[in-house]
Every structure is written in C-alpha cells, then in structure tokens.
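Below: the structure, in structure tokens.
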Amino acid sequence: MQKIILGFAGEIASGKGTAAKYIVEKYGSGYFRFSTILRDVLKRMHLKESRENAQKLSTALRQNFGEDILSKVISKDVLNDRHEIIAVDGVRRLSDIKYLKDLPGFRLVYIEADIEKRFERIVKRGENVDDRNKTLEQFRKDNEGEAEAQIKGLKARADFIVDNDGAIEELYGKIDSMIEKCRSKKDIFSEIDKIGYKAASLRLLYDLGLFPDGVLIIDKDVIIDKKLFYQAGFKDNDKLAVRFSSPTLKILPRSITLNSIDEAIDYIQKVKQPQMHPIVAKLISVKYSGAVYLDDEKFILDLWPGLDEYEVMTGPSDRVFESDNKVRILRYKGKRKARFIDENGNIYWDEAGPLDLKEIEHIYEKIKSQKEKLEVLRKNFDPLLCDFHIDMNGKIFFMGVFKTGRISMHESEPPGRFYRITSIIDAKNWDGKGSVLIDMRLPREKKNELLMAIEIISKKTNHVYVTFGLLSHPAILLREAGIEPIQINHLYEEEMIVI
C-alpha cells in the first residue's frame with residue numbers, strides 16, 4: 001500500500017498544526033512534528049519550552065550534526081509508520097524535506113494566512129510562554145527573521161497551497177479536498193515513484209496525443225533487443241534519440257543523434273545504470289523549444305530558438321503571459337546563439353535574431369489550442385509545467401512534465417548596480433549584500449556547477465535577478481532551492497492583446 005505523506009509548512013500560526021491534527025482526528029493518520037523532538041530535549045534538560053530556546057537548540061543540533069539531522073529522524077519515523085495517511089507538522093526549511101521528499105507518496109503542503117489573523121491565533125493559543133504577552137509589532141519582527149524567510153521559500157516547492165484566512169470549517173473542507181486529490185492521484189504517483197517523472201509524464205502525454213510520434217519506454221529489468229524496437233514501430237535505420245528517466249537520479253545521460261536501432265541499443269547498454277529507464281523516440285527536428293505553465297489564474301509560455309540546452313536556457317526567452325482576459329507578449333530584442341536540428345538530423349549552431357511578434361502570437365495560439373488536453377494533465381499535476389519542442393514543419397511535441405509549485409511573475413527594471421554571478425567562484429565571493437544577477441551560461445554537462453552555485457547563493461539570499469526565462473530549467477532549480485527568480489525586463493519590447 002502506497003502511503004499519503006503530507007508535510008505541512010507555513011509561517012507562525014498559519015494553521016499547519018490545526019490542519020495536521022484534523023487529519024489525525026478524521027482519518028486516523030500517523031502524526032509527527034519537528035518541534036516535538038526539540039520540546040522533548042528541552043523538557044529533559046528542565047529548560048523553558050519557549051520559541052527562543054527551541055530555535056537555539058535547533059541551531060545547535062544542525063551545526064553539530066548537520067542541517068538535515070531532524071529530517072533524518074522524521075523520515076525514519078515516517079518510513080516505519082504503518083498508517084495509510086501520515087501528517088508531518090512543522091517543515092521550516094528545505095533541508096527538513098531532504099529525505100522526506102524521496103519517500104513515495106510525499107507531498108508538501110504550504111498553509112498561508114494574513115499576519116493579523118496569525119497574530120490573533122498565536123496569542124490565543126499561548127503554546128510558548130513568551131507568546132502570551134506578545135504585541136503585534138513584536139510578532140511582525142518575529143516574522144522578519146532568517147528562519148521565517150526560509151519558510152516562505154518553501155511555498156515555491158509546495159504541491160498544495162492552502163489559504164487559511166477563513167473559518168476553520170473552510171480549512172477542513174480544503175483539507176478533505178486535498179486528501180481526495182491525493183487518493184485519486186495515487187496511481188500516477190505510484191508510476192512516478194517506479195519509473196520517474198520523465199517517463200511517467202511522457203507516457204501520459206503520448207496517450208493524450210500531445211507527443212504525436214511513437215515512443216518506447218523500457219522497464220529497467222527488461223532485456224533490450226531489436227524486437228522491442230520493432231514492436232514499438234521503429235525501423236533499423238531510423239534516426240533515434242535516447243533519454244533516461246529515474247525516480248532517484250537527478251543527472252541523467254542522453255543522446256539525440258543515434259543513426260540506427262543498433263546504435264541506440266549499444267548506447268543504452270553502455271551508459272544505463274540499474275535505476276534508469278530508457279526512453280526511445282524518433283529524432284525530432286527542432287526549430288523552437290519552450291515551456292508552458294498553467295494554473296487556475298495564469299497561462300504562461302516561454303519560448304526560445306533551437307534546442308533547450310543550458311547554453312540557450314540560461315539566455316533570454318520570449319514570453320507570453322495570459323491572465324484576466326489579456327495576453328501580454330514580451331519579445332526579446334537582441335540576437336541569441338542557438339542550436340538547431342534540421343530534418344536530416346544534422347545539429348548546427350546559428351545566430352537567431354529577434355522573433356517576429358506575429359510568429360510568437362501564432363505559436364501561442366497553437367499551444368493554446370491544446371489547452372483542453374493540458375487541463376486533463378493538470379488534474380494530476382496542478383499547477384502544470386510542461387516543456388515542448390516545435391519541429392521544422394511546425395509540429396508540436398510536448399516532452400515532459402516538471403514538478404513545480406505556483407509560479408509568480410516577478411519582473412523588474414534592472415537595479416542601478418548589481419553583482420553579476422557567472423561562475424561558482426563569483427558565487428563564493430559574493431558577500432550577500434546588494435542586488436545579484438545570475439548569468440551563468442553553461443553546457444549541459446556542467447549542470448553540477450549551476451547546482452553548486454545555487455546552493456551557495458541560497459545561503460545568502462532568497463531572491464535573485466535573472467536574464468533567462470521564468471519557466472526555464474535554471475529557474476526551476478532556483479525555486480527548488482527556495483530562491484525566487486526576478487526577470488529584468490529592459491531587454492524586451494511588449495505587446496498587449498485583449499481576448
């Protein structure tokens with residue numbers, strides 16, 4: 001039986017504990033709380049169980065035993081729990097879910113509420129001895145600390161965001177709806193836990209006709225031979241692309257230029273590891289790449305010329321943003337170096353000039369025409385973030401779905417001065433003061449350098465300026481680290497369409 005594991009995060013008195021306890025009472029779930037570990041130690045040491053003491057103890061434990069010490073303890077407790085539903089209360093930072101997020105069935109829930117509402121609740125609750133006489137001004141100051149900033153960063157990683165400004169009955173209704181969604185999604189998430197996001201989502205895209213060519217997803221234990229390829233409709237001398245999916249591995253190999261089934265089999269056998277599931281498809285010519293984001297309020301499209309390699313995705317994208325019956329097009333005004341694949345499978349670099357506004361609008365209309373099918377996907381992945389390729393004949397291939405929290409459109413004119421990060425050394429040398437711009441243009445095989453730089457930056461700030469698209473993979477990595485990317489818009493010209 002796959003569990004439903006719900007990790008609750010939110011600012012002080014947002015209602016995460018209330019939500020977790022409701023699940024225990026109504027569904028008979030298991031229950032774990034990060035702060036219980038700290039309170040147990042304080043009680044044993046005969047120390048006051050105040051918020052200040054709990055924070056000091058938490059800091060001491062993390063400094064001496066690692067930032068993820070509490071996550072290790074909780075994840076082992078959860079793993080051994082036999083309940084179908086398990087509530088984990090008090091997730092406060094990204095390191096708290098380091099191990100939990102790898103458990104099958106784990107979902108992060110972010111509870112949010114207005115600060116005045118939260119102040120009323122904390123005074124009434126009086127859980128910590130120093131809360132009972134707290135003023136609103138003191139409470140505001142508590143919310144400006146570094147720890148609270150880390151909590152806010154978790155919102156971008158959440159699978160569910162729950163507004164708790166209303167009555168408690170409204171919160172209970174939202175929790176019931178969330179449990180219902182988790183139960184209805186167990187089949188697809190069981191598939192993801194087995195073969196990885198990339199393979200599971202591509203299978204759904206293929207079934208919906210959003211990936212219009214044949215695709216072969218090979219189970220990790222299957223013997224790979226030509227018969228498999230023939231059954232999937234491939235011919236001996238088809239030009240093929242091979243990617244891999246994994247429920248655990250983050251960095252995976254791929255080859256997009258294999259000239260036959262034999263070459264594909266040789267490549268798979270050469271690089272495949274036990275946790276990898278090969279994905280085989282015919283080579284697609286690529287004129288444009290992009291990503292589409294969809295939630296209850298917004299439809300966002302990022303577009304760039306050529307392949308979605310890091311050399312391109314760390315550069316500027318064109319963007320279409322639809323909300324409130326208006327479509328806003330932001331066109332990049334400069335030239336970009338891009339990598340293309342022609343219809344014969346030849347890969348080449350070229351300089352792409354600014355895209356024509358009418359061309360961007362045409363692509364937006366073609367993507368939007370698939371919205372009904374995308375909404376079917378969104379029933380399982382909400383909000384939805386999906387990447388695509390457009391071939392030289394204008395055919396659209398949706399390639400996969402990415403896990404994401406809700407994306408806010410943060411844009412700004414560039415600050416007067418900022419520190420530019422182009423390498424890991426720049427990230428290390430930044431003192432954390434002033435504005436910072438990430439401008440790392442790296443080949444795909446150097447993804448680790450970007451990850452290392454992001455890890456360094458995440459300890460110094462929770463927001464950065466970027467030139468690349470807000471739906472690009474680097475932007476996803478930033479949000480996963482609790483950093484909000486802000487796109488500077490002076491490089492763009494804008495057009496508004498009323499629909």
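Just a few scattered comments:
- Among strands (runs of 3 or more DSSP E) entirely within the range 262-348, having at least 3 residues that are out of contact with any Gly (no Cβ under 6 Å at 6 or more places or on another chain) singles out 277-282, 288-294, 299-305, 318-323, 326-332.
- Single unsatisfied condition, ARG441 versus (1) touching a residue at least 40 places away in the same chain (Cβ under 8 Å); (2) in a loop (DSSP other than H, G, I, E, B); (3) within 20 Å of the chain's Cα centre (by Cα): (3)
- Selection of the range 202-237 for residues being in a loop (DSSP other than H, G, I, E, B) and free of Cβ contacts under 8 Å to residues at least 40 places away in the same chain yields ASP221, VAL222, ILE223, GLY233, LYS235, ASP236, ASN237.
- Filter result for PHE106 (surrounded by 14 or more Cβ atoms within 10 Å (Cβ to Cβ) and over 29 Å from the mean Cα position of the chain (by Cα)): no
- You will find that of ALA54, ALA60, the residue that is at negative phi, of a type in the set (A, V, I, L, M, F, W, C) and exposed (fewer than 13 other Cβ atoms within 10 Å of the Cβ) is ALA60 and no other.
- Checked against (1) out of contact with any Asp or Glu (no Cβ under 6 Å at 6 or more places or on another chain); (2) in a loop (DSSP other than H, G, I, E, B), LEU355 passes all but condition (1).
- On inspection, VAL436 fails the criterion of being at pLDDT 85 or above and either in the same structural domain as LEU294 (by TED's automatic domain parsing) or under 25 Å from TRP349 (Cα atoms) (or both).
- Every test in (1) part of a helix (DSSP H, G or I); (2) modelled with pLDDT under 90 is passed by PHE381 save one, and that test is (1).
- Any hit, the range 460-475, residues being at pLDDT 85 or above, under 14 Å from the mean Cα position of the chain (by Cα), over 23 Å from TYR288 (Cα atoms) and not charged (D, E, K, R): no
- Scanning the range 55-109 for residues that are more than 19 Å from GLY405 (Cβ to Cβ) and β-branched (Val, Ile, Thr) turns up THR59, ILE69, VAL73, ILE74, VAL78, ILE85, ILE86.
- Qualifying residue in the range 68-85 (condition: in the same structural domain as MET178 (by TED's automatic domain parsing), touching a residue at least 60 places away in the same chain (Cβ under 8 Å) and touching a Phe, Trp or Tyr at 6+ places or on another chain (Cβ under 7 Å)): yes
The values are calculated or read from the model by the stated rules, or taken from the named source; none is laboratory data. Computed from a prediction, not measured in an experiment: that's the story for all the values here. All Cβ positions, glycine included, derive from the backbone under ideal geometry; neighbour counts span all protein chains shown.
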